[in-house]
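The values are calculated or read from the model by the stated rules, or taken from the named source; none is laboratory data. Being a predicted model, the structure only gives us computed values, none of them experimental. Virtual Cβ from ideal backbone geometry, glycine too; neighbours counted across all protein chains shown.
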Amino acid sequence: MGRIFSDWLEIAQKCEQVSAALTTVDTWDAWRTGFVRVDLDPEEEFRVGLRWKETRSVDGREQTHDLVVTDFVPNESLSIIVDGDRYKNKAGAAFLEYRLVDYEDDTTLHLDTKLDTLAWPMRLFAGADTAGFLKLCRQDLDGLKRYLEKDIVSQGG
């Protein structure tokens with residue numbers, strides 16, 4: 001059981017560039033909110049079943065979570081379960097599904113976030129609530145947009 005929350009934004013880049021940013025470990029610190037570290041080899045192929053631990057700083061405290069890719073179609077979609085193994089269920093504490101829609105030189109990025117109501121009381125992020133987690137997801141979307149539209153362009157990429 002859970003609740004689904006949806007968000008989206010337009011990015012002035014092609015799907016290939018958006019998909020690459022979502023799946024290139026070396027760029028995560030440039031756009032992911034509170035990103036501290038990840039235990040994933042940047043050369044690892046992004047694929048279904050790929051697992052890693054990710055640490056972020058939330059409200060001044062570091063939080064580490066297990067993530068696994070459950071679906072990946074390059075330039076189209078990416079699905080990730082957060083803390084699935086920790087709670088011994090396939091749904092995990094959170095399920096993130098990114099869908100990319102290409103419109104000429106722009107991409108619409110949709111993010112559906114499903115929060116498991118059984119795992120959520122265990123606090124995916126200690127001290128955070130649903131609104132706080134959704135805010136973090138939105139900050140990531142905004143960070144990705146900023147990274148792809150401004151930071152990459154200003155670096156000549």
Some residue of segment 78-92 being farther than 25 Å from E10 by Cβ, modelled with pLDDT of 80 or more, surrounded by 14 or more Cβ atoms within 10 Å (Cβ to Cβ) and in contact with a strand residue (DSSP E or B) (Cβ under 6 Å, 6 or more places away or on another chain): yes
Conditions (1) part of a loop (DSSP other than H, G, I, E, B); (2) at pLDDT 95 or above: number failed by F72: (1)
Hits in segment 1-27 - residues which are under 15 Å from R138 (Cα atoms) and either modelled with pLDDT of 95 or more or not aromatic (F, W, Y) (or both): I4, S6, D7, W8, L9, E10, I11, L22
Output for segment 23-42, where each listed residue is of a type in the set (K, R) and either farther than 10 Å from R56 by Cα or assigned to a loop (DSSP other than H, G, I, E, B) (or both): R32
Those residues of segment 51-69 which are in contact (Cβ under 8 Å) with a residue 24 or more places away in the chain, over 13 Å from the mean Cα position of the chain (by Cα) and not in a loop (DSSP other than H, G, I, E, B), in sequence order: V58, R61, E62, Q63
